[in-house]
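Structure record follows, encoded as structure tokens.
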Amino acid sequence: MNRSERRRKKKTGGKAASNLPLTQGKNSPPDEHAVPNLQVIDLAVQHYRKGHSHRAENICQQILKTDPNHPEALNLLAVISSSKNKHEIALELVAKVISIKPDYAEAHNNLGTFMRKMERLDEAIISYKKAIELAPDFAVAHNNLGSALNEIGKKDEAANHLHRALTINPNYTDAHSNLGAVLKDLGRFEEAILYYDRVNTRYSRAKTLECLFALERYEDFYESLKNMIDVDQNDLRAAAISAFASQQLCRTDPHPFCKNPMDFIRVYKGLMSLDNNISLHQLVNEVKSHAKIWEPTGKTTNKGFQSPSTSNLFSNPVGQLALLYNIIRDTIKDYRSNFSSKDCAYIKFFPKQLFLSGWVVRLLNGGHQTEHLHPEGWLSGVVYLQLPEDTGEGEGSIEFGLWGYSYPILNENYPRKRIYPEKGDIILFPSSLFHKTIPFHSNEERICISFDLIPT
């Protein structure tokens with residue numbers, strides 16, 4: 001999996017947006033524009049699927065020189081643009097495709113996927129439904145619609161579309177995983193396991209563990225966990241449920257990633273030191289200029305804004321963000337050095353290349369984030385740029401703990417730690433550690449930059 005795929009999957013929380021079908025002639029018969037170049041388009045699609053986007057793009061551009069309105073070429077260019085996070089260009093291209101060929105189901109599905117990646121979920125759902133209207137047996141569109149409906153809480157409707165996707169294509173792995181997620185949310189854990197077991201991914205394996213723990217099948221839980229560890233020692237979701245379950249059951253945590261994640265929380269005062277040239281005021285103004293989404297669907301942000309998951313603040317940082325980027329990298333190096341003697345996979349296999357993915361979180365009166373972790377990261381952090389005045393009641397603080405995602409609680413006495421940040425603080429912690437923020441009440445914004453160190 002490449003970097004762009006990891007960044008795309010990190011924030012979606014589902015198994016839909018990454019699936020962009022490109023089957024020529026299956027869901028929409030080729031028209032006069034497509035016929036002369038069908039074989040050439042198929043070649044371009046093959047190149048794209050093999051990761052050779054540049055070759056695929058060149059072929060499409062050659063086709064468009066002779067036929068500027070070729071729908072399949074434009075559609076593939078839209079997909080390529082979206083894969084490069086050029087979402088506005090992708091939207092323009094697919095809109096042109098649909099104007100040329102309104103019955104092109106694949107284009108409507110792709111439009112839905114682009115909309116979803118831009119957090120425009122309601123519009124995505126409309127596009128997926130249009131694709132299904134045009135092609136009732138379009139399994140990918142049924143899967144994507146089911147995943148999107150699950151995000152907005154329409155679980156029964158979501159399950160219907162996911163079942164339909166699997167009826168059309170019984171080997172559709174994303175649909176198995178998505179249906180497992182819906183059934184788990186509905187408390188139908190045994191059924192969920194059946195679908196998760198048909199998918200061999202980090203996500204599905206960890207979700208199976210969560211179901212086994214919820215069913216109180218503890219010996220099966222640890223047997224499955226052992227098998228997972230033998231295959232993958234760096235599964236953060238599995239590490240998180242292992243740490244919590246073992247604490248609740250008074251057992252030794254067998255997962256080697258980070259047995260005591262609470263010990264690896266560290267607070268730095270980096271931005272307020274006198275030896276850097278960063279201006280918090282200018283930095284706040286810079287981040288306020290970035291695109292923002294109110295309470296993005298499927299995310300943990302409540303009563304606040306978050307920058308789009310498709311926008312990485314540190315992809316090409318300039319100005320104060322570039323200064324911040326360098327400060328964070330130096331802070332991470334110090335963090336790694338301080339824990340270098342620790343015997344756990346988290347430290348032993350710490351990423352050598354410091355690739356950062358960052359986003360803005362802006363919370364308003366009553367704003368907070370529910371408990372979550374960052375499974376696509378390795379180390380996570382947050383930089384506090386603006387904080388409301390302290391009320392003395394813990395409002396606006398960040399709380400770390402082992403419990404999350406509604407794990408069944410057997411013992412309320414599980415480890416947790418609350419930190420009261422100050423402006424300019426940088427907090428670093430393992431990405432496998434659950435955290436949340438406490439709601440605050442103020443007319444001032446709480447502004448921070450969250451980031452992950454992504455293993456490459």
### Query
From Asn27, Asn37, Asn75, Asn58, which residue is part of a helix (DSSP H, G or I), at pLDDT below 90 and more than 24 Å from Ile152 (Cβ to Cβ)?
Asn37
### Task
Could you please find all residues in the stretch 199-211 being surrounded by 18 or more Cβ atoms within 10 Å (Cβ to Cβ) and closer than 19 Å to Asp232 by Cα?
Val199, Tyr203, Ser204, Arg205, Ala206, Lys207, Thr208, Leu209, Glu210
### Task
Please find, within the stretch 419-440, the residue that is surrounded by the most Cβ atoms within 10 Å (Cβ to Cβ) out of those that are modelled with pLDDT of 95 or more and among the aromatic types (Phe, Trp, Tyr).
Phe429
### Query
For the stretch 64-107, which residues satisfy the criterion of being in contact with an Asp or Glu (Cβ under 8 Å, 6 or more places away or on another chain) and β-branched (Val, Ile, Thr)?
Ile80
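Which one of Lys65, Lys84 is in the same structural domain as Ala135 (by TED's automatic domain parsing), within 21 Å of the chain's Cα centre (by Cα), modelled with pLDDT of 50 or more and surrounded by fewer than 18 Cβ atoms within 10 Å (Cβ to Cβ)?
Details: Lys65 fails: within 21 Å of the chain's Cα centre (by Cα).
Step by step, each of Lys65, Lys84 is checked, and only Lys84 is in the same structural domain as Ala135 (by TED's automatic domain parsing), within 21 Å of the chain's Cα centre (by Cα), modelled with pLDDT of 50 or more and surrounded by fewer than 18 Cβ atoms within 10 Å (Cβ to Cβ).
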### Positions within the stretch 412-449 being part of a strand (DSSP E or B) and closer than 17 Å to Lys303 by Cα, in sequence order
Lys436, Thr437, Arg446, Ile447, Cys448, Ile449
### Query
Is there any pair linking a residue in the stretch 205-220 that is assigned by TED's automatic domain parsing to the domain that holds Phe189 to one that is surrounded by 24 or more Cβ atoms within 10 Å (Cβ to Cβ), with Cβ under 6 Å and at least six apart or on different chains, and which?
none
### Message
If I filter the stretch 135-157 down to residues being part of a helix (DSSP H, G or I) and in contact with a Ser or Thr (Cβ under 7 Å, 6 or more places away or on another chain), which single residue comes out as surrounded by the fewest Cβ atoms within 10 Å (Cβ to Cβ)?
### Response
Glu151
### Query
Restricted to the stretch 116-129, and to residues that are buried (at least 20 other Cβ atoms within 10 Å of the Cβ) and under 16 Å from Ala158 (Cα atoms), which residue is modelled with the lowest pLDDT?
Arg116
### Task
Of the numbered conditions (1) under 24 Å from Asn143 (Cβ atoms); (2) modelled with pLDDT under 95; (3) among the acidic types (Asp, Glu), Glu191 fails exactly one; give the number of that condition.
(2)
### Summary
Scanning the stretch 373-418 residue by residue, those loosely packed, with under 15 Cβ neighbours inside 10 Å, over 13 Å from Pro261 (Cβ atoms) and either touching a strand residue (DSSP E or B) at 6+ places or on another chain (Cβ under 6 Å) or β-branched (Val, Ile, Thr) (or both) turn out to be Thr391, Ile409, Arg418
### Query
Got a sec? Which of Leu410, Leu387, Leu364, Leu323 is under 24 Å from the mean Cα position of the chain (by Cα) and assigned by TED's automatic domain parsing to the domain that holds Phe429?
Leu364
### Query
Quick one: would you say Ile125 is outside any loop (DSSP other than H, G, I, E, B), over 26 Å from Gly51 (Cβ atoms) and hydrophobic (A, V, I, L, M, F, W, C)?
yes
#### Entry: Test: Arg217 is at pLDDT below 95 and among the basic types (Lys, Arg)
no
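When you check Ile278 against the structure, is it in a loop (DSSP other than H, G, I, E, B), surrounded by 15 or more Cβ atoms within 10 Å (Cβ to Cβ) and in contact with a Leu (Cβ under 6 Å, 6 or more places away or on another chain), yes or no? Steps first, please.
Values: in a loop (DSSP other than H, G, I, E, B): yes; surrounded by 15 or more Cβ atoms within 10 Å (Cβ to Cβ): yes; in contact with a Leu (Cβ under 6 Å, 6 or more places away or on another chain): yes.
Answer is yes for this residue.
The values are calculated or read from the model by the stated rules, or taken from the named source; none is laboratory data. If you're wondering where the values come from, they're calculated on a predicted model, not measured in any experiment. Ideal geometry is used to build each Cβ from the backbone, glycine not excepted, and the neighbour counts take in all protein chains shown.
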